[in-house]
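The next block holds one structure in the form of structure tokens; read it before the comments.
The values are calculated or read from the model by the stated rules, or taken from the named source; none is laboratory data. Computed from a prediction, not measured in an experiment: that's the story for all the values here. For neighbour counting, all protein chains shown are included, and Cβ atoms are generated from backbone atoms with ideal geometry for every residue, glycine included.
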């Protein structure tokens, strides 16, 4: 039987989304600009600073801008994982 590929129904965000990872270094501000908008309500967001998972209460997200509770130093490594629309 041949494989039939159908377009997912509209509104099916999971079928049209994928995990993204961004790694940022060298910043000395409290804001990180992501490459893609992340919907805070439906996107899953994990932020690591130097390998430690940050408390979600210390992070604010608006579109592509991630704001941390404190400024970074140049040696900090930020890794952001999020589930976003393709």
Requested in this report: Could you look through region 24-42, keep only residues that are part of a strand (DSSP E or B) and free of Cβ contacts under 8 Å to residues at least 40 places away in the same chain, and pick out the one that is nearest to the chain's Cα centre (by Cα)?
Outcome: 33
Requested in this report: Can you tell me which residue within region 75-86, out of those that are within 18 Å of residue 21 (Cβ to Cβ) and outside any strand (DSSP E or B), is farthest from the chain's Cα centre (by Cα)?
Outcome: 76
Report task. Output yes when any residue across region 43-55 is loosely packed, with under 14 Cβ neighbours inside 10 Å, modelled with pLDDT under 85 and part of a loop (DSSP other than H, G, I, E, B), and no when none is. Result -> yes
Requested in this report: Go through region 13-34 and give me each residue that's at pLDDT 90 or above and loosely packed, with under 15 Cβ neighbours inside 10 Å.
Outcome: 21, 23, 25, 26, 28, 29, 30, 31, 33
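In the list 72, 66, which residue meets the criterion of being outside any loop (DSSP other than H, G, I, E, B) and either out of contact with any helix residue (DSSP H, G or I) (no Cβ under 7 Å at 6 or more places or on another chain) or surrounded by 12 or more Cβ atoms within 10 Å (Cβ to Cβ) (or both)?
Answer to the selection: 66.
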